[in-house]
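Scroll down for the structure; my scribbles are underneath it.
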Amino acid sequence: MQLKLTWRVEGRSDMDLLVSDDQTILETMQILEEKGLLARKTAETVKYIKTLRADHQANVLLTYSEADIYSGDILVLKSSADK
């Protein structure tokens, strides 16, 4: 199933993305890095992503489905130092 999500990365405009619910969050980050939309340093240091809908953090190794992330969520990147 396709999910429409908004990614919020510090220093950038919000990005609206269409992703598959069985894709890992890390895979999305790698694609964004390849396209120049996410800094390599950010992609390497971020370990968790925060969903504003449910106000919880999810490990980037999980799929969107496993992390209980649904269409319409706003996701904020959280580095391990931001815990």
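The values are calculated or read from the model by the stated rules, or taken from the named source; none is laboratory data. From a predicted model like this one, the values you see are computed outputs, not experimental measurements. Cβ coordinates were reconstructed from backbone atoms using ideal geometry, including for glycine residues, and neighbour counts include every protein chain displayed. Note: accessible area is taken over every heavy atom of the protein model, side chains too, but ligands, DNA and RNA are not part of it. Shrake-Rupley method; radii C 1.70, N 1.55, O 1.52, S 1.80 Å.
Which ones in region 65-79 are farther than 24 Å from Gly11 by Cβ and among the hydroxyl-bearing types (Ser, Thr, Tyr)? Hits for region 65-79 are Ser65, Tyr70, Ser71.
Of all residues in region 32-64, those satisfying the criterion of being out of contact with any strand residue (DSSP E or B) (no Cβ under 9 Å at 6 or more places or on another chain) and open to solvent by 70 Å² or more (accessible area, probe 1.4 Å) are Glu34, Lys35, Arg40, Lys41, Glu44, Asp55.
List the residue pairs whose Cβ atoms are under 8 Å apart, where the first residue sits in region 4-18 and is under 13 Å from Ala39 (Cβ atoms), the second is of a type in the set (Ser, Thr, Tyr) and open to solvent by 90 Å² or more (accessible area, probe 1.4 Å), and the two are 6 or more positions apart or on different chains. Close Cβ pairs (under 8 Å, with a partner that is of a type in the set (Ser, Thr, Tyr) and open to solvent by 90 Å² or more (accessible area, probe 1.4 Å)) do not exist here. Residue pairs whose Cβ atoms lie under 8 Å apart, sitting 6 or more positions apart in sequence or on different chains, and linking a residue in region 19-33 that is on the phi < 0 side of the Ramachandran plot to a partner that is surrounded by fewer than 15 Cβ atoms within 10 Å (Cβ to Cβ) and part of a helix (DSSP H, G or I), are Glu33/Arg40. Please find, within region 65-83, the residue that is nearest to Asp16 (Cα to Cα) out of those that are of a type in the set (D, E, K, R) and open to solvent by less than 70 Å² (accessible area, probe 1.4 Å). Looking at the filtered set, the residue picked out is Asp73. Give the residues of region 39-81 that are more than 11 Å from the chain's Cα centre (by Cα) and touching a residue at least 24 places away in the same chain (Cβ under 8 Å), sorted by residue number. Scanning region 39-81 gives Thr42, Thr45, Leu52, Ser65, Tyr70, Ser71, Gly72, Ser79, Ser80, Ala81. The set of residues from region 71-83 being at pLDDT 90 or above and assigned to a loop (DSSP other than H, G, I, E, B) comprises Ser71, Gly72, Asp73.
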